[in-house]
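The values are calculated or read from the model by the stated rules, or taken from the named source; none is laboratory data. The structure displayed is predicted, hence computed values, not measured ones. Please note: Cβ atoms are built from the backbone with ideal geometry, for glycine as well, and neighbour counts cover all protein chains shown.
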């Protein structure tokens, strides 16, 4: 797969250990993706704004979002992204240690595309990420604004 054809994943995660684990898990997949990492909700919003203007800043096809971060929390970031018509079509999957029913319900009410609890081991995370990557990049039809067309699993083969 060519670099510009790779799916772009934006990871919004403040913990360096979790960033490293996610980088590892994504690198182990047969469907290649380009991972961008930011540490705060503010940095993520800045990244998304730059992606609108700068073609060297890749618009993500999927956002993986931690809920509990310093500064702007994940829920506020999600609220802002889903209110912006230029970004609201980007699927956002929550990846959190929280198993709180309130966090899960709030995330879905704010239009999260999914909610995954962080896995304690690299092997468990790799398996979860494999399912996630296959679902979002091999099964579903996503709007890829950089290509101005939708890509489906049938077209990708």
**OP:** Take the range 38-71 and flag every residue that is buried (at least 18 other Cβ atoms within 10 Å of the Cβ) and farther than 12 Å from residue 13 by Cα.
**Re:** 45, 47, 48, 51, 58, 59, 60, 61, 62
Subject >> Residues that are within 14 Å of the chain's Cα centre (by Cα) and under 22 Å from residue 75 (Cβ atoms), drawn from the range 19-42 >> reply: 19, 22, 36, 37, 38, 39, 40, 41
**OP:** Output the residues belonging to the range 98-118 that are over 17 Å from residue 84 (Cβ atoms), part of a loop (DSSP other than H, G, I, E, B) and in contact (Cβ under 8 Å) with a residue 24 or more places away in the chain.
**Re:** 98, 118
**OP:** Mind telling me which of the residues 29, 55 ends up being at pLDDT below 90, in contact with a helix residue (DSSP H, G or I) (Cβ under 7 Å, 6 or more places away or on another chain) and not in a helix (DSSP H, G or I)?
**Re:** 29
